[in-house]
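Below: one structure, written as structure tokens.
Taken together, the values in this text are just the output of simple stated rules run on the coordinates, not laboratory data. The structure displayed is predicted, hence computed values, not measured ones.
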Amino acid sequence: MPRLDRHLSEHLKIKRSDVRLLLAQGRVQVDGKTATDINQIINRFSVVSCDRKATQSNIPRYLMLNKPAGVVSATIDKKHRTVIDLLEQSWRDQLHIVGRLDFNSTGLILLTNDGRWSRQLSLPESKLIKRYRVQGEKPLFQCHTDAFRDGLYFEYEGITTQPAELILRGEYEADVALTEGRYHQIKRMFGQFDNKVLSIHRFAVGSLVLDTALAEGQSRVLSGAELASLRPT
């Protein structure tokens with residue numbers, strides 16, 4: 001994160017030594033308060049102004065989106081529509097994706113322009129639980145629940161998955177709760193039992209549940225309470 005003197009020097013095209021005078025004259029504000037320290041650290045969402053003219057006023061954005069099948073979890077793709085293409089907001093190009101879904105998977109996608117927030121949510125040690133509704137081609141049994149709980153060995157990487165929860169909802173349907181996100185993990189876990197996955201729908205990340213009022217392709221801004229519930233500890 002940059003220091004205040006560097007930010008003002010770059011944006012006002014002045015020497016850093018001249019920034020000290022601006023602060024001494026009380027002409028610089030950071031987040032509504034008169035700045036006095038040239039070494040003050042600011043972040044990309046600090047509101048900075050000089051002589052009441054903003055030099056930086058980025059707004060943090062946090063959205064949930066109900067991803068349809070056949071849409072790429074990417075910001076740019078030359079062949080397919082992306083989740084960014086679904087958004088109508090003028091600032092959509094500022095956003096990046098927090099936790100991707102496969103091309104044909106559906107459900108909850110988070111988007112933001114706050115890199116620190118997305119990195120914290122993505123850290124393995126956060127143990128953030130993601131919940132999916134999964135439809136298999138073959139019947140599911142209690143033995144599958146036990147195997148998910150114990151962890152499944154992926155020979156290619158030479159690793160065993162973290163304990164996962166498999167809750168049977170019907171003969172062919174189950175809810176899966178994961179705290180990690182390995183490549184095609186759910187498909188590969190079901191594949192251990194020669195059971196092809198027909199559909200995957202993510203309906204929750206941590207305590208945040210996909211808004212059922214959102215039709216496929218629709219999005220909305222997260223509320224303050226929702227953000228607080230997701231805030232990494």
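What are the ³J(HN,Hα) couplings of the stretch 121-132, residue after residue, when phi is run through the Karplus curve with 6.51, -1.76, 1.60 and θ = phi - 60°? Round to Hz, x for glycine and proline.
Values per residue, Gly and Pro as x: 5, 8, 4, x, 6, 5, 6, 5, 7, 10, 10, 10 Hz.
Amide H to amide H under 5 Å from LYS67: which residues, 5+ apart in sequence or cross-chain, H placed 1.01 Å off N in plane?
Residues meeting the criterion, in which the H sits 1.01 Å from N, are GLY107, LEU108, ILE109, GLY217.
Based on DSSP H runs of at least 4 residues, each adding -39500 (n - 2.57), what is the mean residue ellipticity at 222 nm of the chain after dividing by all its residues, to the nearest 500 deg cm²/dmol?
Calculated from helices alone, the mean residue ellipticity at 222 nm is -5500 deg cm²/dmol.
Return the long-range amide H neighbours of VAL72 (sequence gap of 5 or more, or a different chain), with a cut-off of under 5 Å between placed amide H atoms.
HN-HN under 5 Å from VAL72: ARG81, THR82, VAL83.
Given the C-alpha centroids of the stretch 14-42 and the stretch 124-148, what is the distance between them in whole angstrom?
54
Which whole-Hz ³J(HN,Hα) couplings does the stretch 17-31 yield from phi under the Karplus relation 6.51 cos²θ - 1.76 cosθ + 1.60, θ = phi - 60°, glycine and proline marked x?
Once rounded to whole Hz, the list reads 5, 6, 5, 4, 5, 4, 5, 5, 8, x, 9, 10, 10, 10, 6.
Take the chain, connect every pair of alpha-carbon atoms lying under 10 Å apart with a spring to form a Gaussian network, then pick out the residue of LEU210, LEU65, LEU22 with the largest mean-square fluctuation.
For the chain, modelled as a Gaussian network with Cα springs under 10 Å, the answer is LEU22.
With the chain treated as a Gaussian network of Cα nodes joined by springs under 10 Å, which of GLU88, GLU157, GLU173 yields the largest mean-square fluctuation?
Highest fluctuation among the options: GLU157.
Under a 10 Å cutoff between Cα atoms, tell me which one of VAL205, VAL19, VAL72 has the largest fluctuation in the Gaussian network model of the chain.
Answer for the Gaussian network model of the chain: VAL19.
Residue-wise, which Karplus ³J(HN,Hα) couplings in Hz belong to the stretch 152-160, taking 6.51 cos²θ - 1.76 cosθ + 1.60, θ = phi - 60°, and x for glycine or proline?
Karplus values, whole Hz, x for Gly and Pro: 10, 8, 9, 5, 4, 8, x, 10, 10.
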